[in-house]
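Trainee: Take this structure, written in structure tokens, and hold onto it; I'll ask about it next.
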Amino acid sequence: MYADIHCHLDDLKDPAGAVLRAQQAGVLLILTNGLNFENNKKALELQSRFPSVKAALGLYPNDAVSISAAERAKVYQQIRDANPVAIGEIGLDYHHDASKQEEMKIVFSELLALAEELKKPVLIHSRKAEQDVLEVLESFNVRADLHCFGGSLKLAKKGIDAGHYFSIPTSVVRATHFQRLSQEVPVDRLLSETDAPWMSPDDEPNEPAKVVVGVKAMAEARQESLSELREQLFLNAKRFIGDE
Ligand SMILES: [Zn+2]
């Protein structure tokens with residue numbers, strides 16, 4: 001059994017077909033992540049249609065700083081009302097909006113406070129902002145997955161010491177950074193993800209079924225048996241969302 005802890009099903013051409021193909025490949029847990037109010041609604045809709053799909057509701061950092069405080073409050077209320085298994089995708093992205101770092105940090109902190117209050121795990125995006133993400137997280141008692149972590153191994157170690165999880169995308173088949181990260185992270189803190197439709201292991205758009213090739217590459221990087229790592233990653237995913 002496989003788990004895809006981070007993808008965007010609604011951004012795929014054929015979400016229903018992708019869920020079916022994932023099921024056939026043994027991917028029995030798919031956490032689709034919302035980016036904004038409308039996208040969160042679609043994540044909930046997919047969750048209600050497919051037993052293997054769970055919805056994380058979030059507010060993507062770049063979306064967060066392009067809307068008003070009132071609109072942000074509407075998303076926070078949406079999260080409270082829906083009571084999702086996790087909060088994501090949230091985080092900091094200085095690559096696209098370097099001028100809005102302070103505003104982004106405020107929204108990120110508000111969402112972490114909400115996760116702490118609702119006792120939900122969080123899925124975190126960080127781009128050119130890994131250090132700040134780790135610093136902001138220090139003030140909150142939340143279970144966090146640092147998804148597609150692009151920071152240095154030194155920063156990753158800081159995250160490992162702080163108890164965070166790391167999800168490794170399918171691009172690990174060729175990205176040496178993610179192979180190294182797979183080796184560094186303790187096995188009980190590793191998660192598998194696709195970030196579909198992004199981070200594809202091949203030239204086609206990504207989808208949850210392809211988490212299988214990512215896990216295989218992780219097992220090779222760690223020099224561990226595929227079947228053991230696969231089961232461990234599935235258990236980690238269940239523990240992460242609080243479904244043990
Ligand atoms: Zn994502």
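Trainee: Check whether at least one residue in segment 2-20 is in contact with a helix residue (DSSP H, G or I) (Cβ under 7 Å, 6 or more places away or on another chain), open to solvent by 30 Å² or more (accessible area, probe 1.4 Å) and either in a strand (DSSP E or B) or within 23 Å of residue 216 (Cα to Cα) (or both), and report yes or no.
Mentor: Within segment 2-20, not a single residue is in contact with a helix residue (DSSP H, G or I) (Cβ under 7 Å, 6 or more places away or on another chain), open to solvent by 30 Å² or more (accessible area, probe 1.4 Å) and either in a strand (DSSP E or B) or within 23 Å of residue 216 (Cα to Cα) (or both).
Trainee: Could you go through segment 201-208 and let me know if any residue there is modelled with pLDDT of 95 or more, within 28 Å of residue 152 (Cβ to Cβ) and surrounded by 24 or more Cβ atoms within 10 Å (Cβ to Cβ).
Mentor: yes
Trainee: Here's another thing I want to ask about it. Return the pairs, sorted by first residue and then second, in which the second residue is open to solvent by 40 Å² or more (accessible area, probe 1.4 Å), the first residue lies in segment 42-63 and is among the hydroxyl-bearing types (Ser, Thr, Tyr), the beta carbons are less than 8 Å apart, and the residues are 6+ apart or on different chains.
Mentor: Once the first residue is among the hydroxyl-bearing types (Ser, Thr, Tyr) and sits in segment 42-63, its partners that are open to solvent by 40 Å² or more (accessible area, probe 1.4 Å) give 52/23; 52/28; 60/36.
Trainee: Find the residue count for segment 150-164, including only residues that are surrounded by 20 or more Cβ atoms within 10 Å (Cβ to Cβ) and either under 10 Å from the mean Cα position of the chain (by Cα) or part of a helix (DSSP H, G or I) (or both).
Mentor: Summing the residues that are surrounded by 20 or more Cβ atoms within 10 Å (Cβ to Cβ) and either under 10 Å from the mean Cα position of the chain (by Cα) or part of a helix (DSSP H, G or I) (or both) in segment 150-164 gives 2.
Trainee: Considering 185, 211, which residue is open to solvent by less than 20 Å² (accessible area, probe 1.4 Å), touching a residue at least 60 places away in the same chain (Cβ under 8 Å), on the phi < 0 side of the Ramachandran plot and touching a helix residue (DSSP H, G or I) at 6+ places or on another chain (Cβ under 7 Å)?
Mentor: None of the other options fit; the residue is 211.
Trainee: Just give me the residues in segment 133-149 being within 16 Å of the ligand (Cβ to nearest atom), touching a Phe, Trp or Tyr at 6+ places or on another chain (Cβ under 7 Å) and in a loop (DSSP other than H, G, I, E, B), in sequence order.
Mentor: Listed by number, the list holds a single entry, 149.
Trainee: On to the next question. Can you tell me which condition residue 70 does not meet? The list is (1) more than 15 Å from the ligand (Cβ to nearest atom); (2) in a helix (DSSP H, G or I); (3) open to solvent by 70 Å² or more (accessible area, probe 1.4 Å); (4) in contact with a helix residue (DSSP H, G or I) (Cβ under 9 Å, 6 or more places away or on another chain), and all the others hold.
Mentor: Residue 70 satisfies every listed condition except (4).
Trainee: Related question: Residue 171 fails exactly one of the following numbered conditions: (1) over 18 Å from residue 26 (Cβ atoms); (2) within 14 Å of the ligand (Cβ to nearest atom); (3) not in a helix (DSSP H, G or I). What is the number of that condition?
Mentor: With (1) over 18 Å from residue 26 (Cβ atoms); (2) within 14 Å of the ligand (Cβ to nearest atom); (3) not in a helix (DSSP H, G or I) applied to residue 171, the lone miss is (3).
Trainee: Note down all Cβ pairs under 7 Å where the first residue falls in segment 118-145 and is of a type in the set (Lys, Arg), the second is away from the ligand (no atom under 16 Å from the Cβ) and open to solvent by 20 Å² or more (accessible area, probe 1.4 Å), and they're at least six residues apart or on different chains.
Mentor: 127/94; 128/94
Trainee: What is the number of the single condition among (1) within 16 Å of the ligand (Cβ to nearest atom); (2) surrounded by fewer than 22 Cβ atoms within 10 Å (Cβ to Cβ) that residue 91 does not meet?
Mentor: With (1) within 16 Å of the ligand (Cβ to nearest atom); (2) surrounded by fewer than 22 Cβ atoms within 10 Å (Cβ to Cβ) applied to residue 91, the lone miss is (2).
The values are calculated or read from the model by the stated rules, or taken from the named source; none is laboratory data. Owing to the predicted nature of the structure, the values given are computational and were not obtained by experimental measurement. Using ideal geometry, Cβ is built from the backbone for each residue, glycine included, and neighbour counts are taken over all protein chains shown. Remember, those area values only see protein heavy atoms, side chains included, never the ligands or the DNA or RNA. Shrake-Rupley method; radii C 1.70, N 1.55, O 1.52, S 1.80 Å.
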